[in-house]
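Take a look at the structure below.
Each value in this text was obtained by applying a stated rule to the coordinates, not by laboratory testing. Predicted, not measured: the structure shown is a model, and the values here were computed from it. With ideal geometry, Cβ positions are generated from the backbone for all residues, glycine too; neighbour counts draw on all protein chains shown.
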């Protein structure tokens, strides 16, 4: 006869054994890298932590109540491992490359390393798993109570302790056990080889126990057929009618999600995985394990229903059947098997959750609010361990409280499915994380949050129905009497199984939100990077696979950095050139050290050598957290560069516009003042002859008695002044027309020498009158230039007459020469007059400028040189004042010779 | 040998007309054709009135006027400014420098004679 005391003692002893196993497992794993602990068998066995006391006890109960439905819980994982193992491989590869520690970390990392998302996922996981933990507590409690029975002896020291007290004791013991097991040290990779070894051992124990009970039942019952026929005789059949209904499909779907997303499954399958190839073995071995586990479930359930008294708990058949047959040893073994499945689940689940809680919630808070005094690694590691221990206590407390509030419901399986539905909320985001590039952080966060809200309303809340009358009322009438918000009949969807209803709404809303929000929102740079890291993990995997330099930079990473600093075009050109040189497709480019060096130099050109080096070495060494900072840095740098370039451009444009305006203004003012000056000059030049004309006219009009000689003189003065006035007006019009480009002539080939000869002939009289000697220097032969003969002659006449007019020498002398030099026809007209002072050299070609003495009696208006210069310019030549052979002025006409 | 009117004018025909009309009015006349000569003649000939053209070679009419007004001996000499530039600007400068009458070319003979007469009369009254 078993007693509770003995059973508890055995359990404690068993835990001690596990602890020793874990301890030596850890040491062995550390010293022997190739030990069997790293074998696929241990890996597969550890994955079977999926089979908890829910399986051990609950599946039998489930089978007894609902027939084949229990199988779905195994079918889902089987589908994943057999059919979807590529998904697991992807998950494992990414998690290794990115050093993922949990499902929260996975989602956070994929969606732009958002800590908020990690916190959300962690909180949901902790709350969602609480029913699952409660299930284990309940199973262990029930099993101990089943052993104790109602006899005085059986209860032993448990007498007077109710199930709550027992469950509390178990929870406390589990917490202590888990803390001792899982938080002895912190490992960077979050791998716990010792724990895994113990879990694998427990997997063997629970399978052996269940198989032993199964074999016993089949033996006692006289074979499979006998058991089923005996049951049929008393009206017990495995009801197959409900198979493949909504609930069936829901459970199948939920178990698919659970095998991927359950924190402990993620921990053993992904985080604890030391070799991707172990997945190949697990892909058949784990389904095989589950098959063995489920093989005897039906016989045990049916046999229990047939033999056990009515009203006994079908969940406990695996334990109570051997007891009923007096097989205490087998019963004890069954108890240890159930205990194994419960402890392994609790240990791993709380380790996985505590990693999430401490990494994503507690540590960020500590880091934010700590004074920074404990910055050394030792303090940090201790802090982390304390955080983990605290988390484990918290998680088991939540489980206990859930147990406390829902202890009146007796079936195990439904409780587990509540947790499954909660955890399934991560599944759409996880799938999107692995396969859908456009899934965004906002979408994932919103989807998970929305799914969780529906889960709380439709699944979590209803589980308290039997405890709280208010919740019962809420369930039957809806909040504030709104019937379409009833938790199990949302939006009028009635008559559906509550589980299927909750899963349908929460997951539909979840997937819808994820899809729509992703399509509506844009990703941040880091999200895009991480998306491509995740989605393209096998495209870019070669680097890590080939020589396995952990965190070595991929071309993709480098490109993102380069793009931010250099701009897309330059970066693309650089990478394409490199790809051409190394003869590979740009997408397959593997950055060589040489290329990284070249890239660094390119970056240095934009952001300085130091920054470029820091930036690239961060990418190359693969420090993930600083990748984010680095991207920010690059983005900011780029923005600053763009901004300053823009500013520079704008200010340059402004400067040039201002300069143009100023120039235009100066020009306008210049033109305006020139116009004023010109009008003023014209006025003056016109007034002078007019004065004489008017004055002499008045004299002649007033005074009739002037003698004829004088009268004649005055009349001739009037006439001369009139001529002067006419000539002045002609010149003004001529110059103005020349300046405006009017009165143009066609430049035709002319003989320049002939024009010069003609001018000398015209001026002969004037020269003779002044007694001016003409000294002819070198003369060119007949020379053809482009121009107008009359106009050229006009220029020569003007220059000669100026030389005559302004010459005050006693022996006036004119020197004229013409040569052809270097394709130019050059005429120099020099005199021995006063010359032109330095100050006036600039002025002589101005309008109305007359000789330095301002001599009036030369009769010119001061327009001659201005006109001459215009004429020569129109013949594409030049008229300049040069240093001449005589002391006076020397004007030089230069024209291009025609060939 | 004091004279009545000194003319400083570089345009020969204008000088001739001025000389004619002022002589005909009965005054003794002397003439110069540049600024330096004008200053020299003012000191030397001590004219009672100066008819001064602005656009003179060597030294402009305004400069001559400034010198005359700066010298104690010649400060009181009545000056008639003649200019072909009828601008406000010239008239203002002339007044600033202390010109007594400002006449623009082309002038009416009667105006010049009237102005000179007025200046000579004032000169007679004060001296």
- Least to most buried among A:533, A:456 (fewest other Cβ within 10 Å first): A:456, A:533
- How do A:73, A:448 rank when sorted from fewest to most other Cβ atoms within 10 Å of their own Cβ? A:448, A:73
- Note on the structure: Expressed in angstrom and rounded, the centroid-to-centroid distance over alpha carbons for the stretch A:43-87 and the stretch B:1-71 is 132 Å
- Would you mind computing, in nm to one decimal, how far apart the modelled labels at residue A:404 and residue A:10 are, each placed 7 Å from Cα along Cα→Cβ? 3.1 nm
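Volume per residue, Å³, of the convex hull around the alpha-carbon atoms of the stretch A:644-740? Intermediate results must be reported in sequence, preceding the final value.
Numbers: hull volume 7.5 nm³, N = 97.
Spread over its residues, the Cα hull of the stretch A:644-740 gives 77 Å³ apiece.
Which whole-number percent is the relative contact order of the stretch A:644-740 (Cα, under 8 Å, 6+ apart)? The partial results should precede the final answer.
On the way: 24 pairs, mean separation 27.3, N = 97.
Worked out over the stretch A:644-740, it gives 28 percent.
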- Query: Which whole-number percentage describes the relative contact order of chain B, with Cα contacts under 8 Å and a sequence gap of 6 or more?
  - Reply: 23 percent
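How many percent of DSSP beta bridges within the protein assembly as shown run antiparallel, rounded to 5?
Details: 24 of 44 bridges.
Antiparallel: roughly 55 percent of the beta bridges in the protein assembly as shown.
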- Message: Restricting to Cα atoms and excluding each atom paired with itself, what does the Kirkwood estimate give for the stretch A:4-415 in Å?
- Response: 21.8 Å
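Starting with the fewest neighbours, write out A:840, A:670 ranked by other beta-carbon atoms found within 10 Å of each beta-carbon.
Working: A:840 15, A:670 10.
By the 10 Å Cβ count, ascending: A:670, A:840.
Output the relative contact order of the stretch A:4-415, whole-number percent, from Cα pairs under 8 angstrom with separation of 6+ residues. Could you put the intermediate results ahead of the total?
Numbers: 562 pairs, mean separation 154.9, N = 412.
Relative contact order, the stretch A:4-415: 38 percent.
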- Once the piece of chain linking residue A:769 and residue A:747 is laid out straight, how much longer is it, given 0.36 nm per residue of separation minus the C-alpha distance between them? 4.5 nm
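By average Cβ neighbour count within 10 Å, what is the ranking of A:85-92, A:14-21, A:439-446 from highest down? Intermediate results must be reported in sequence, preceding the final value.
Working: A:85-92: 18.1, A:14-21: 16.4, A:439-446: 24.4.
In decreasing order of mean packing, A:85-92, A:14-21, A:439-446 become A:439-446, A:85-92, A:14-21.
What fraction, in whole percent, of alpha-carbon pairs in the protein assembly as shown exceed 58 Å separation? Before the final figure, lay out the partial values.
On the way: 261700 of 525825 pairs.
Pairs farther apart than 58 Å: 50 percent.
In nm, what is the difference between 0.36 nm times the number of residues separating residue A:386 and residue A:508 and their Cα-Cα distance? If you can, show how the numbers build up before the last one.
Values: separation 122, 0.36 × 122 = 43.92 nm, distance 3.91 nm.
This chain segment gains 40.0 nm when fully extended.
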- Query: Can you give the FRET efficiency for residue A:291 and residue A:438, using 1/(1 + (r/R0)^6), R0 = 51 Å, r = Cβ-Cβ distance, to the nearest 0.05?
  - Reply: 0.85
- Query: With each pseudo-label sitting 7 Å past Cα toward Cβ, what's the residue A:467-residue B:91 distance in nm, one decimal?
  - Reply: 11.1 nm
- Message: If a paramagnetic tag sat 7 Å from the Cα of residue A:779 along the Cα-Cβ line, which residues of the stretch A:865-879 would have the backbone N under 11 Å from that point?
- Response: none
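Rounded to the nearest 5, what % of DSSP beta bridges with both residues in the stretch A:748-896 are antiparallel? Please list the in-between numbers first.
Values: 23 of 27 bridges.
In the stretch A:748-896, approximately 85 percent of DSSP beta bridges are antiparallel ones.
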- Query: So how far, in whole Å, is the C-alpha centre of the stretch A:90-122 from the one of the stretch A:442-506?
  - Reply: 29 Å
- If each of residue A:215 and residue A:123 carries a label point 7 Å out from its Cα toward its Cβ, how far apart are those two points in nm? 5.1 nm
